[in-house]
Each structure stands twice: as structure tokens, then as C-alpha cells.
1. Are any of the residues in the range 87-108 modelled with pLDDT under 85, open to solvent by less than 50 Å² (accessible area, probe 1.4 Å) and of a type outside the set (Lys, Arg)?
2. From the list Asp164, Asp195, Asp152, pick out the single residue that is open to solvent by 50 Å² or more (accessible area, probe 1.4 Å), modelled with pLDDT of 85 or more and out of contact with any Gly (no Cβ under 9 Å at 6 or more places or on another chain).
3. Condition first: outside any loop (DSSP other than H, G, I, E, B) and touching a residue at least 24 places away in the same chain (Cβ under 8 Å). Now tell me which residues in the range 167-195 satisfy that.
4. Across the range 109-140, what is the number of residues that are at pLDDT 85 or above and among the hydrophobic types (A, V, I, L, M, F, W, C)?
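The values are calculated or read from the model by the stated rules, or taken from the named source; none is laboratory data. Please read these numbers as outputs of a predicted model, since none were measured by experiment. Backbone-built Cβ (ideal geometry, glycine too); neighbour counts: all protein chains shown. In case anyone asks, the SASA skips ligands and DNA or RNA and just uses the protein heavy atoms, side chains included. Shrake-Rupley method; radii C 1.70, N 1.55, O 1.52, S 1.80 Å.
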Amino acid sequence: KNLNNSNEVSLIKKNIKTLNNNFSLLSEEIKNLKENNFKLSSNEEKNKKILDKNINEIINLIMIKYENNLNFDFELDYLREIMGNEKITKIEKLSILSDNPFKGYEYLNTVFNDEINHYTKKIINTNPDSLFSKIILPYINVSPTTENKVTDDLILKIKKIKFDFDNRNIDDAFKNLKTIKNYNKEFEKTSNEIDKLIKFKFELYGLK
């Protein structure tokens, strides 16, 4: 697992470096276009495509950085500069949302596993006065793994949520989580993290 995490971090860093390089090149193109004031009407469509590509690159880079709890102030400031007043409200909202950042997928998985253990122990613990409940249950991990074969509907649902987290299918994970009774209380920390990510993603991709 540590090896896989290390490889994933290396890949993320490589992707961020590539996007930053592309961002720098596209920034120069935009700068040149601004200096020329888009004078040639024959190049207007080409200029617009370059600008749209530049914006999409920056948005994708911001999303990667946000998901990995990395600073993206520079990219957000650049979007504010090149997108003009029509999108300023969304950009300001992104700035506000970034003050309460998503803490990353590793943190999300840790929080979810902790809340699963607490939740499943509470379900199993039908007799709080039993020896099993008092002595054994507090020290065992009853969280379902994606390798275990289970048939219980609730456990299968939890396994699906864990699978979606691993594959970063946050929208699907949240849909399944909300079908669990009192999910917002039983999985409060998990829900808060997902909610932050979904809100930020919605506002960010609304800039495209």
C-alpha cells in the first residue's frame, strides 16, 4: 500500500509539473494576444480557442491541486485577470471555499474508515452489557474491506462507497452515502469533506 501511495504521489507531482509547464507556455500566448489586442479579425476564432484552452488548463490544474490540498492562489489570480468581470462572482466564491479546504483523499478515507468502525460496532452492539461488547468489540476493526465477500445490503453499500472513494467517484459515493439512515450524523466528517469537494468542483467547472 505504501508503495502504491508513493507511486500515486509521484504521478500526481509529474502531472502537476506538466500542467504547470503547459500553463506557462499558454500564459505567454495569452500575453502576446493581449499585446496585439486581438487586432486581426481573421485570427479571432484561433485566439478564442487558445484562450479557452488556457482557461481549461488552469481549471484542471486548480482541481488537481485542490484535491491534493495544495495551494493554487497564483492560478486563481490569473483566472481572475483573464476572465473578466462576468465570472468574477464565481472566482470570488472559489476563493472563499478555499479558506476551508478539502483535506485530500487519504484523509477522507481515514475519516470514513473511522466512522464506519464506529457505526458498524454500534449496529453489532445489540447488548451493551455483554462481555463481548465491553471487552472485545472496542478493540476490533469491523470495517468491511473490498476483498471480503458479504451479502448484507448495508455492508455492500459501504463497500461500494469505499470503492468509489478509491476511484475518486465522489458523486456516486455521496449518492450511496445519503441512502444510509442519518448519514449526516453517523458520517458527519465524511459528509463534510465530500460536500466541500463537490461544491468547489461545481463552482470551478462552472467557469468553463
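1. No - not one qualifying residue is present in the range 87-108.
2. Working: Asp164 fails: open to solvent by 50 Å² or more (accessible area, probe 1.4 Å); Asp152 fails: modelled with pLDDT of 85 or more.
Going through Asp164, Asp195, Asp152 in turn, the sole match is Asp195.
3. First, pick out the residues of the range 167-195 that are outside any loop (DSSP other than H, G, I, E, B): 170-177, 183-186, 188-195.
Residues satisfying the conditions are Ile170, Asp171, Phe174, Glu186, Glu188, Lys189, Thr190, Glu193, Ile194.
4. Looking only at that region, the number is 3.
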